[in-house]
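The structure under discussion appears below in the form of structure tokens.
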Amino acid sequence: MGSTAPDGRASSAPAPGRRLRRAERREQILDAATRAFARTGYVATSLDDIAAEAGISRVILYRHFESKSDLYRAVLDRACARLAHAVGEDNFTGDSIPALVQAAAEDPDGFRLLFRYAAREADFRDVTDSLTAASRDVAHRHLAELISDAHWADWAARLIPAATTEAVIAWLDAGQPDPDQAAERIAQAVHGIIQAAQSP
């Protein structure tokens, strides 16, 4: 809402907003950076683009992040932490796929950055590689009881995390159809891989 000028007329200038605390400003920048990086990619996105997306100056951005690389890694780390909080890190349960789908729906740009874009960027691939390795270890522990052949268990443990994340990204790209059924459909695909590994 505009302020009132000294002559009593309404001014079109917005009233000054509340100054954000440092942690709030950092989150605002991370939100804007996530959107900008997901839209145009790491290389094509400049700090000026991110500052404009956040509605701040580049000077303010530099008070929180030293470089574009520093900011991008912070975006990936936050997306990774949110995912770990939603899904868990140490076990696979019947709630794991629904939690993964829900996390992706709540932060689709962050999910895509983690599993589609960072994997293609040599300087940041370590984030995706660590997620993949952790997911593979969890899958190995879970599948050892279900698949007797160690080689096929290893095959399934490598394939399932990749297939699951690709299935979720494909669901996001398709417009998130049938959100109440998405997790069940993706789980059916996972069970198909397990059944293939169990076949003689």
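The values are calculated or read from the model by the stated rules, or taken from the named source; none is laboratory data. Because the structure is a prediction, the values reported are computed rather than measured. Every residue, glycine among them, receives a Cβ derived from its backbone with ideal geometry; neighbour counts consider all protein chains shown. Calculation scope for accessible area: heavy atoms of the full protein, side chains included, ligands and nucleic acids excluded. Shrake-Rupley method; radii C 1.70, N 1.55, O 1.52, S 1.80 Å.
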On the protein heavy atoms, probe 1.4 angstrom, tell me the percent of accessible surface of the chain carried by carbon and sulfur. 51
Spin-label model distance (nm) - residue 90 vs residue 188, 7 Å beyond Cα toward Cβ: 3.4
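Counting helices only, and only those DSSP H runs with n ≥ 4, report the 222 nm mean residue ellipticity of the chain as the sum of -39,500 (n - 2.57) divided by its residues, in deg cm²/dmol to the nearest 500. Don't jump to the answer; show the numbers that get you there.
Values: 9 runs with 137 residues, N = 200.
Mean residue ellipticity, 222 nm, calculated: -22500 deg cm²/dmol.
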Report the gain in length on full extension from residue 23 to residue 140: 0.36 nm times residue separation, minus Cα-Cα distance, nm rounded to one decimal. 38.3 nm
For residue 121 and residue 150 in one chain, what is 0.36 nm times their gap in residues minus the Cα-Cα distance, to one decimal in nm? 7.2 nm
So which residue, out of 166, 66, 27, gets the largest mean-square fluctuation from a GNM of the chain using Cα contacts under 10 Å as springs? 66
Where labels lie 7 Å past Cα in the beta-carbon direction, separation of residue 82 and residue 163 in nm: 2.8
In region 24-75, the trypsin sites (Lys or Arg not before Pro) that fall in loop regions by DSSP, at most 12 other Cβ within 10 Å: none
Max mean-square fluctuation residue, GNM over the chain, Cα-Cα springs under 10 Å, options 108, 98, 177: 177
Kirkwood hydrodynamic radius of region 54-114 from all distinct Cα pairs, in Å? 13.1
Which of these, 32, 174, 163, has the largest mean-square fluctuation under a Gaussian network model of the chain (Cα springs below 10 Å)? 174
